[in-house]
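Worksheet: one structure, shown below.
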Amino acid sequence: MSEQQRPADPSPAADDIDEVTHAVLAASQRLASIAARALAAAGDGGRGGHGVTLAQFRMLEALVARGHVKLVALAGLMAVNPSTAMRMIDRLIAAGLADRRPNRENRRETVLTATESGLRLVGEVTARRRAETAAALARLRPAERTVLIGALGAFAATGPQPAGDGPHPFPDLLGCAQPYALG
């Protein structure tokens, strides 16, 4: 049979970058939706995660991962200007989720940390995200999940790797054996 006489392959071409891009963006939207629902459902008395936005929650995750961090370093982690990071951290402090303290090593500097409420919120939102994601993944066949592990691992490896001290594990929050890298 010649090339022109072959029937068209009904499945999208695995090497078609547009199809792969579309699939990744669709999956990204699904994951963002899960994250938004988890954040909206969390918090005290259904107030929707203390009114925290997804971007502010990501910052709170960074504070939990780092333990304590200076503002400029946090801005770098978040890939935002220090003034933007300051506004975001001020909102987290006002919500009682973060704190600003003098640096024990250099009293002229301040460090930012998550409060106990911030730690609880990250734990609750992460548990909700994990549960909803696991429920969605349970609907896939085992072979599909195996392929997904390899594909997502390869995709994650294409991004920037954590600088210096490596990924910051969240095994207690995610219930996973593997570290969860921010970024």
Item to check | Sites Ala151 and Leu119 - FRET efficiency at Förster radius 41 Å, r taken between beta-carbons, to 0.05 | outcome: 0.80
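If we sort 131-140, 57-66, 30-39 on the protection proxy, mean other Cβ atoms within 10 Å, highest first, what's the order?
On the way: 131-140: 11.7, 57-66: 22.4, 30-39: 15.9.
In decreasing order of mean packing, 131-140, 57-66, 30-39 become 57-66, 30-39, 131-140.
All of the numbers you see were taken from the coordinates with simple rules; none came from a lab. These numbers come from a predicted model, not from an experiment. Every residue, glycine among them, receives a Cβ derived from its backbone with ideal geometry; neighbour counts consider all protein chains shown.
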